[in-house]
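Below is one structure, written out as structure tokens; the observations come after it.
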């Protein structure tokens, strides 16, 4: 009699666990249907992502007929500019400052914060769907309270231009092991 009780109880627990897992999957798909985000490694990061998405994303920005190629050409003028936190000039610049400066030269206003910049445009979760001029965002590039910690501009051929704390403004492959494990999504400002 005890054996039957424990076997039944064990099956019930397994069924309960499966149902809970299915509910978690269903609820997370309801939060952002049809999209899965790479490199989310923990419950804390999953919560940060959900909070980020829930607080408002995909704000529209007027690109005033500026082309992605024009943005990339302007960004490349900053190659070699050294890194400094808070910088937005040819003297020194940080990652979000590069986006502020480059887009600003084309009359497009972005906030000077990677996490806030990630709220603009349509979210693209797959690297193979990125197009020239898309913004790319990363997590865990340094310790901070922010979820999004780094930003750059996708220039095509699996490369992005960004400001590295060690070499300044540079072009890097998205396949670079450091950045591959930190890529979270891109956003598309251009139609």
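Readers should treat all values here as calculations from the given coordinates under stated rules, not as data from a laboratory. Please read all numbers here as calculations on a predicted model, not as lab measurements.
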Report summary line: the range 36-170: relative contact order from alpha carbon pairs under 8 Å, six or more residues apart, as a whole percent, is 28
**Report entry** Debye intensity ratio in log₁₀ form over the Cα atoms of the range 38-188, taken at each q of 0.10, 0.11, 0.20 Å⁻¹
**Finding:** -0.30, -0.37, -1.33
